[in-house]
Amino acid sequence: MDHKLTPSTALLLIIPPFLWAGNAVVGRMMSELVPPITLNFLRWAIAFIILLPLGYSIFRKGSGLWAQRKRYACLGLLGIGLYNALQYMALHSSTPINVTLVGASMPMWMLLTGFLFFEARVLRKQVAGAALSVIGVFVVLSHGEWRQLLGLRFVIGDLFMIVATIVWAFYSWSLIQARDSSEVRRNWATFLLAQVSFGVVWSGIFAAGEWTLADSRIQWGWPLAGALAYVAIGPAIIAFRCWGLGVQRAGPSTAGFFNNLTPLFAALMSSAFLGEMPQAYHAVAFALIVSGIILSSRR
């Protein structure tokens, strides 16, 4: 499949990192108001309600949803049921900057997943770009002091984010494996609603488990309502739409590098809303990440 990175495609792939950075900051701010897996369920339940008037036709008999139910159930599990739940869990013990920077290992997992499971060709410039991004991750994890890598200890949030990143790599590659020519695939709202329909079920099951196993509670109020509105519309519907279209145009490997813009936006938002000022080593990490994007996408 021939993929090309055009300015319009680059814009499509820049919008999701910006919105996802806001998602990380909001998730951190709401960590004391709502349990993380429940936050994920509420987010996608609202997104389902918003999408329903736009794509309800997929529930008609013969629409293609039922014939492809296993595929959409898998996409819903990876992209909706698991990825953001793991990210919100990560934000309970880590900062938005660190969570998004750990997520900057995305290009490595994209390349590795594509090579091992989807028969994708790996180019040298992609490997070099991924290496720069991974070095950027190590810079932030070591706080800019390489000797600290010898005694590096991950907090549980960092481990959750690594798993989330691997899950997102499988989700992104699965997006372009479709051979579904039904109305579900032809319209962006129906395609996203097909995933969300199964994803809400998955996230609801996980949220039920959270309430069963932990002493969970929700502090309702306008701050939580505003946060839910943002994460349901921006990082969910708009970002998923742009990411899906961008992945189809540029390919998962190239798109994965744009995910590394998320830490740039997260650092600025954390500074503005959480008082978590970026440090000098964050600037070094950002430079490495952006260099990886430029190197990997050069034609």
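Values as computed for the structure displayed
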read-out: Packing-based order for 94-107, 32-45, using average beta carbon neighbours within 10 Å, highest first; value: 94-107, 32-45
read-out: Loop sites in the range 175-262: trypsin sites (Lys or Arg not before Pro), DSSP, at most 13 other Cβ within 10 Å; value: ARG179, ARG217
read-out: Value of relative contact order over the range 7-297, rounded to a whole percent, pairs C-alpha under 8 Å and six or more apart; value: 41
read-out: Cα gyration tensor, the chain - rounded (a/c under 1.5), prolate or oblate; value: oblate
read-out: Candidates LEU19, LEU91, LEU54: whichever shows maximal mean-square fluctuation once the chain is modelled as a Gaussian network with Cα springs under 10 Å; value: LEU54
read-out: Low-density loop cleavage sites - chymotrypsin sites (Phe, Trp or Tyr not before Pro) in the range 48-80, where at most 16 other Cβ are within 10 Å (DSSP); value: TRP66
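Each value in this text was obtained by applying a stated rule to the coordinates, not by laboratory testing. Just so it is clear, the model here is predicted, and its values are computed rather than measured. Virtual Cβ from ideal backbone geometry, glycine too; neighbours counted across all protein chains shown.
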